[in-house]
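Colleague: Before I ask anything, let me first share the structure, which is written out below as structure tokens.
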Amino acid sequence: MESNPYAAPRSAVSDVTPERRRRPVLVWIITILMAIGIVSGVATSIAGLLGNPIGGPQANPGMRWGDYLWATALSAASIPAYVQLFRLKRSALPWVAWIFVAAVAAMFVNLGLRPEYRAMFEQMPGGYLGILVGWAVNLAIIGYVWRLRAKGVLQ
């Protein structure tokens, strides 16, 4: 039997280790900023639930205890979302999208049913503009997580 000098070697290569996946820098930035947001959101909500809202009662006159409870629940639901993103797991996308949809739906319900809630945003400097900027940032994060999932970075 003749051997082909151009054939690929058949011996096992043991000195090559699998390439380790690196976490993209933007994932680090998003995770750190969201961790800060979650901690501050929970702290703000707890202060509001205890009757001492940060900035005093005049800071958010349209907020009720249910609003603070909802904000705490959304912040708590955000924890696994951003942990999954940091771990580069595919389940991060539905978590992040669900939290955004839940927050937007709750806001529309409150804007439609509660005039004092609507007035809170109308009296705030840049009121509705701030909401739109927040939505744009959240949609950009969702789009980025989608892209990571499509590229196979999320496993």
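Just so it is clear, none of the values below were taken in a lab; they were calculated from the coordinates. Here the structure is a predicted model, which means the values were calculated and not measured. Please note: Cβ atoms are built from the backbone with ideal geometry, for glycine as well, and neighbour counts cover all protein chains shown.
Colleague: Report, by residue number, each residue of segment 82-139 that is within 18 Å of Ala71 (Cα to Cα) and in contact with a Pro (Cβ under 9 Å, 6 or more places away or on another chain).
Modeller: The answer is Trp95, Glu116, Met120.
Colleague: Only one of (1) under 15 Å from the mean Cα position of the chain (by Cα); (2) buried (at least 16 other Cβ atoms within 10 Å of the Cβ) is not met by Trp98, so which one is it?
Modeller: (2)
Colleague: May I ask you to list pairs of residues, at least six apart or on different chains, whose Cβ atoms are under 8 Å apart, with the first in segment 131-150 being under 15 Å from Ser91 (Cβ atoms) and the second being among the small types (Gly, Ala, Ser) and crowded, with 16+ Cβ neighbours inside 10 Å?
Modeller: Ile142/Ala97; Val145/Ala92; Arg149/Ala92
Colleague: While we're on this one: Does Gly152 qualify as being part of a loop (DSSP other than H, G, I, E, B), under 23 Å from Leu26 (Cα atoms) and out of contact with any Leu (no Cβ under 8 Å at 6 or more places or on another chain)?
Modeller: Taking the combined requirement at face value, the residue satisfies it.
Colleague: Given the structure, is Met124 of a type in the set (A, V, I, L, M), out of contact with any Cys (no Cβ under 6 Å at 6 or more places or on another chain) and more than 30 Å from Trp28 (Cβ to Cβ)?
Modeller: So Met124 fits the description; yes.
Colleague: Can you tell me which residue within segment 25-84, out of those that are free of Cβ contacts under 8 Å to residues at least 24 places away in the same chain and of a type in the set (S, T, N, Q), is nearest to Glu116 (Cα to Cα)?
Modeller: Among those residues, the one meeting the criterion is Gln58.
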